[in-house]
Amino acid sequence: MFDYKLLAALAAVVEQAGFERAAQVLGLSQSAVSQRIKLLEARVGQPVLVRATPPAPTEIGRRLLNHVQQVRLLERDLQGQVPGLDEQALPERLRIAINADSLATWWAKATAEFCATQQVLMELVVEDQEVGLKRMRAGEVAGCVCAAERPVAGARSLALGAMRYRALASPAFIARHFAAGVSADALVRAPAIVYGPDDQLQHRYLAGLGVTGAFAYHLCPSSEGFVRLAEGGLGWGLVPELQVREELASGRLVDLLPERFIDVPLYWHHWRNGGELLSELTERLHRNSASMLVALQ
């Protein structure tokens, strides 16, 4: 039989990225949290954490975290049927990994009613759509929006649609860098904007034009900041069409090559044994995202 106080300590350390913040969340001393982790490791007979900054779960630690995530959700269902079991009567908190562009565009509209009717709080972990699934694999989140179709063991995936990205720049930037027209060579010479080290959209766009290799770019790990940099004339970049309809309509941003775009598929991943709460969220995402995202081909 698991001692869930020990598993809660493991989950807190990983989710809060350290022992000190985990102790604050659990209302314990840092020493007490450390002792619970050591006791858990003694009971399973091997380390559950890699003592790094931040601490990372080992393989057995990931399995235990997956178990904790699913138990939390199943307990929510049981509390709904037997309210007396919920001593604190606090709203459920769903920890979800999501890419920044979804968060900046369609996510709030798709989930607002769910959070209100189900009295759910969300803790959103922002990850690039190409790598967000690692949070599921590590057992750190109950669900994930990412570009990977294949789910991890014990989870399911649902196709939501695609976000259409277009190469945009300001009129002033275009006049400065593309006076002779937009070409592959001119795009390589002009500074681009890249969200982060895992963002490969600009690379894919240039590869589609036959260009490979290095190019100059600004790094901007903010969806809103990305658009403001492009609008301010600092560079060109791949931006979700959904995010900049007003800027395109007003001419503040211009599509460099209107016939070229990249559709990035998005999938919702959730645990199979996530209970009624995750099932309800999955249904709402499936229904609401269809009106905002591009249909997958």
Between Arg63 and Asp263, what FRET efficiency comes out of the Förster formula 1/(1 + (r/R0)^6) with R0 = 35 Å and r the beta carbon distance, rounded to 0.05? 0.50
Any residue on another chain or 5+ positions along whose placed amide H is under 5 Å from the amide H of Tyr165 is listed here as Glu241, Ile262, Asp263, Val264
Ignoring any ligand, DNA or RNA, what whole percent of the accessible area of the chain comes from carbon and sulfur when the probe is 1.4 angstrom? 51 percent
Please state the Cα pair-distance histogram of the chain with 5 angstrom bins from zero: what percent is in each bin? 1, 5, 11, 14, 14, 13, 12, 10, 8, 6, 4, 2, 1, 0, 0
Given 0.36 nm per residue, what is the gain on full extension from Arg189 to Tyr4 after removing their alpha carbon distance, in nm? 60.9 nm
At Arg252 and Glu113, where each label point lies 7 Å from the Cα along Cα→Cβ, what is the point-to-point distance in nanometres? 3.0 nm
List, largest first, the extents of the alpha carbons of the range 1-86 along their principal axes, each in whole Å. 41, 25, 19
5 Å is the cut-off here: which amide hydrogens, built 1.01 Å from N in the peptide plane, fall below it relative to Arg95, excluding neighbours closer than 5 in sequence? Glu123, Ala142
Positive end of the dipole of the chain, charges at C-beta (+1 Lys, Arg; -1 Asp, Glu), about the Cα centre: which of Ala116, His203, Leu229 has its Cα farthest in that direction? His203
What dipole magnitude, in Debye to the nearest 20, does the chain give about its Cα centre under +1 on Lys/Arg Cβ and -1 on Asp/Glu Cβ? 520 debye
Ordering of 208-216, 232-240 by packing [mean C-beta count within 10 Å, highest first]: 232-240, 208-216
Cα centroids of the range 1-78 and the range 207-230: how far apart, whole angstrom? 38 Å
Determine the dipole magnitude for the range 197-297: charges of +1 sit on the beta-carbon of Lys and Arg, -1 on that of Asp and Glu, nothing else is charged, the reference point is the Cα centre, and the result goes in debye to the nearest 20. 100 debye
How much of Glu123 can a 1.4 Å solvent probe reach, expressed as accessible area in Å² and rounded to 10? 50 Å²
Dipole of the chain (Lys/Arg Cβ +1, Asp/Glu Cβ -1, origin at the Cα centre): which of Pro55, Pro171, Asn99 lies farthest to the positive side? Pro55
Using 0.36 nm per residue, how much length does the chain from Glu75 to Gln35 gain when fully extended, once their Cα-Cα distance is taken away? 11.8 nm
Computed over the chain, the relative contact order (Cα-Cα under 8 Å, seq sep at least six) in percent reads 22 percent
So what are the ³J(HN,Hα) numbers for the range 290-297, from phi and the Karplus equation (6.51, -1.76, 1.60; θ = phi - 60°), rounded to whole Hz, Gly and Pro as x? 4, 7, 10, 9, 6, 5, 6, 7
Computed, not fitted: 222 nm per-residue ellipticity of the chain from DSSP H runs ≥ 4 (each -39500 (n - 2.57)), nearest 500, equal to -13000 deg cm²/dmol
Got a sec to turn the phi values of the range 128-145 into Karplus ³J(HN,Hα) couplings, 6.51 cos²θ - 1.76 cosθ + 1.60 with θ = phi - 60°, whole Hz, x for Gly and Pro? 4, 4, 7, 10, x, 5, 4, 5, 5, 4, 7, x, 8, 9, 8, x, 7, 10
Would you list the membrane-span-like helices of the chain, meaning whole DSSP H runs whose alpha-carbon atoms span at least 20 Å along their axis and whose mean Kyte-Doolittle value is at least -1.0? 30-44, 59-81, 275-289
Assuming R0 = 35 Å, can you tell me the calculated FRET efficiency for the pair Ala17 and Glu276, based on Cβ-Cβ distance, to the nearest 0.05? 0.70
For the chain, the longest stretch holding no trypsin sites (Lys or Arg not before Pro) located in a DSSP loop with at most 11 other Cβ atoms within 10 Å is which? 52-271
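The values are calculated or read from the model by the stated rules, or taken from the named source; none is laboratory data. Please read all numbers here as calculations on a predicted model, not as lab measurements. When we count neighbours, we look across all protein chains shown, and the Cβ atoms used for this are built from the backbone with ideal geometry, even at glycine. All accessible areas refer to the heavy atoms of the entire protein, side chains included, with ligands and DNA or RNA removed. Shrake-Rupley method; radii C 1.70, N 1.55, O 1.52, S 1.80 Å.
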